[in-house]
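Contents: one structure, followed by commentary.
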Amino acid sequence: MTATQGDIDRAIARERAAYRKAVAEGAPRIPHPPRNYPPYRSSALRHPRQPLVPVVLRQDPDAVELASPVFGATDVTAFDHDLTRQHPGAPLGERITVSGRLLDRSGRPIPGQLVEIWQANAAGRYAHQSDQHPAPLDANFTGAGRTLTGDDGSYTFTTIKPGAYPWRNHTGAWRPAHIHFSLFGTALTQRLITQMYFPGDPLFPLDPILQSVTDDTARQRLVARYDHDLSQPEWALGYHWDIVLDGPAATWREDGH
C-alpha cells in the first residue's frame, strides 16, 4: 500500500514527539536522525540491523591515508567552481552564487579542503541515466563542480538554482530544491556529505529527509541565507552557507555523525 502525505505527516509528528519526550527526560540533544527513519522509506532498506563493529587498523593509520588519493591545487582547474561555463552555451535557469566558509567547532577556518557539489538542473532533473523524471535535460548543464577552500576557509560556486523533483517515497512526494555537498579533506577516507537548501521553500515541512533532523535549530543550519551583498547586478543572486564540521553548531551530515 502506498503511503500518503497524511501518513508521512503523522509519522514525522510521532518521531518528533518521541525526540522531544526523550530530551525532556534528560537525553542529550542529538540533531542527527536515527539510521532507520520510517517516513524516509529507503532508510528501512539501508540502515544496519546489527551493532556497528569498530575496525582495528593493523597498520599505521597515516599509511592508510597515504594509500588513498591526495587532493591539491593542481587537481582543480580555474573554472571547476563555475557550473555555468562547462559547456559551449549558457544553461537555462536562475543563475546563483553560493559562497561560505568551512569552519571547525571553534569558528576557525579550514583551508585547502576539496569541496564538491552536484545537483539537478533548473527543471529538477539530474544528468544521470538513472534519473527518469520526465523533465527536460539541459545540454549546457552537467550539474557538478568542485573547488578548494581558501586560506580563510572560503569557497564559492556559480551555478543554476535547481528545481524540485518527485522521488516516489510516498504519494505526491517532491524533494525541495537542494545542492549536495561533499567535503573530502585530504583523502577519500575523510569524506563527508551533506545537503544545502534554499530559504522559504514550501516543501520543507513535507520532506521526510529534511524533517528527519528532528532538532529545529540543526535543521535550519542546512538552509542557506539570501545575501544581497553577494548578489551581482543583472547576473546572479547570492546565497551564503557556512559548513561547520563538528561541535554544537555542526552542520548535519548524511553519515549521521
* Asked: If you go through the range 167-180 one residue at a time, how many are modelled with pLDDT of 95 or more and of a type outside the set (D, E, K, R)?
  -> 6
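A quick yes/no check of all residues on (1) of a type outside the set (A, V, I, L, M, F, W, C); (2) under 24 Å from Arg105 (Cβ atoms):
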{"residue": "Ser212", "(1), (2)": "yes, yes"}
{"residue": "Thr217", "(1), (2)": "yes, yes"}
{"residue": "Leu230", "(1), (2)": "no, no"}
{"residue": "Trp235", "(1), (2)": "no, no"}
{"residue": "His240", "(1), (2)": "yes, yes"}
{"residue": "Ala249", "(1), (2)": "no, yes"}
* Options Pro51, Pro28, Pro39: the member that is modelled with pLDDT under 70 and either of a type outside the set (A, V, I, L, M) or exposed (fewer than 11 other Cβ atoms within 10 Å of the Cβ) (or both) -> Pro28
* **All positions within the range 96-113 that are touching a Ser or Thr at 6+ places or on another chain (Cβ under 6 Å) and among the basic types (Lys, Arg)** => Arg101
* Looking only at the range 110-129, decide whether some residue is among the polar types (S, T, N, Q), out of contact with any Lys or Arg (no Cβ under 8 Å at 6 or more places or on another chain), surrounded by 20 or more Cβ atoms within 10 Å (Cβ to Cβ) and closer than 24 Å to Arg253 by Cβ. => yes
* Structure fact -> Counting only residues in the range 91-109 that are in contact with an Asp or Glu (Cβ under 8 Å, 6 or more places away or on another chain) and among the small types (Gly, Ala, Ser), the one surrounded by the most Cβ atoms within 10 Å (Cβ to Cβ) is identified as Gly100
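The values are calculated or read from the model by the stated rules, or taken from the named source; none is laboratory data. Owing to the predicted nature of the structure, the values given are computational and were not obtained by experimental measurement. Don't worry about glycine lacking a Cβ; one is built from the backbone with ideal geometry, like all the others, and counts go over all protein chains shown.
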